[in-house]
Amino acid sequence: MENGDPAFGWVGGALCLDFANTVGNHRSRDPREKLRSFEHLVGWCRQANILNKEESKEMLHRNATVPAQGERLLHMAVDFREALFRTFSEISQQHQAPKCDLEIINDFLARMPITLQIESRNQSLVCAMTGSVLDEARLLGPVAWSAAEVLGAPEKLSRIRECAGPDCGWLFLDLTKNHSRRWCDMDDCGSRAKAKRYYRRKCGKESQSG
């Protein structure tokens, strides 16, 4: 994580869900936006291994030259993220995905003018993307492909969950054998829920003894 980047969560089990989770307390009245600048968007892509360090630096340099382009891409990315969130949130409740949001996702997929190439880097093979350095395809093409892969796989759709935390809103694939996962992270929302249960039991015992 580069200095100044927000602490992103990686609990989704799919790249598209991790991107949808770039808001803290998504269901609250005061959600915490983590993509507050183009630099944060690039930082997320760097942490997601969509961009390497050199590509990130080049993208930030180009944004410094044409900042309006970065702002456009940031707004586009946030709109795309919200469409992903609404889509997978509805699916997690066994509802139909909103048609308008599927149209946004399909429109994004249709504007992915990039190609894949296998390259040798540091004595290993990697799948590299070629195309415009500073466009939505280069930044979020892998996220769009991830969404298409999940949406087209019934066995994955049936495992989409939204965290049971009242304000959380984070999404994830429930890969447990008995489909019992309820929390984005047991050390986060799961821990808070456990503490609340303990507090209620303790208060109940004290009121009975009193």
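Structure values in brief
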{"item": "Karplus 3J(HN,Hα) series, Hz, for the stretch 28-34 with 6.51 cos²θ - 1.76 cosθ + 1.60 (x for Gly, Pro)", "result": "7, 6, 10, x, 9, 6, 9"}
{"item": "Gain in span if fully extended, Glu82 to Lys156, counting 0.36 nm per residue against the direct Cα distance", "result": "24.6 nm"}
{"item": "Residues Val23, Val143, Val150 arranged by fewest to most Cβ contacts within 10 Å", "result": "Val23, Val150, Val143"}
{"item": "Under 12 Å, Cβ to Cβ, from Cys16 - net charge with Lys/Arg +1 and Asp/Glu -1", "result": "0"}
{"item": "Under Karplus coefficients 6.51, -1.76 and 1.60, residue-wise ³J(HN,Hα) of the stretch 77-93 in Hz, glycine/proline x", "result": "5, 5, 4, 5, 4, 5, 5, 5, 4, 4, 4, 6, 5, 5, 5, 5, 9"}
{"item": "Rounded FRET efficiency, nearest 0.05, which uses the C-beta distance separating Arg27 from Asp185 and R0 of 22 Å", "result": "0.90"}
{"item": "Binned Cα-Cα distance frequencies in the stretch 14-134 - 5 Å width, integer %", "result": "2, 9, 16, 21, 21, 14, 10, 5, 2, 0"}
{"item": "Set of aspartates and glutamates with alpha-carbon distance to Lys53 below 16 Å, sequence-local pairs under 8 removed", "result": "Glu2, Asp5, Glu39"}
{"item": "Amide H contacts of Ala128 (H built 1.01 Å from N, under 5 Å, at least 5 apart or other chain)", "result": "Gln117, Ile118, Glu119"}
{"item": "Gain on full stretching of the segment that runs from Leu102 to Ile118 - 0.36 nm per residue minus C-alpha separation", "result": "2.7 nm"}
{"item": "Chain lengthening between Thr176 and Thr65 when straightened (0.36 nm per residue, less Cα-Cα)", "result": "35.2 nm"}
{"item": "Cβ-based net charge around Met112, under 14 Å, with every Lys or Arg adding one and every Asp or Glu removing one", "result": "-2"}
{"item": "Reachable aspartates and glutamates, given that their alpha-carbon falls under 18 Å from the alpha-carbon of Lys156 and they are not under 8 places away in the same chain", "result": "Asp18, Glu90, Asp174"}
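Where a number appears in this text, it was derived from the coordinates with a stated rule and is not lab data. Source: prediction; values computed, not measured. A quick note on method: Cβ atoms are made from the backbone with ideal geometry, for glycine too, and the neighbour counts reach across all protein chains shown.
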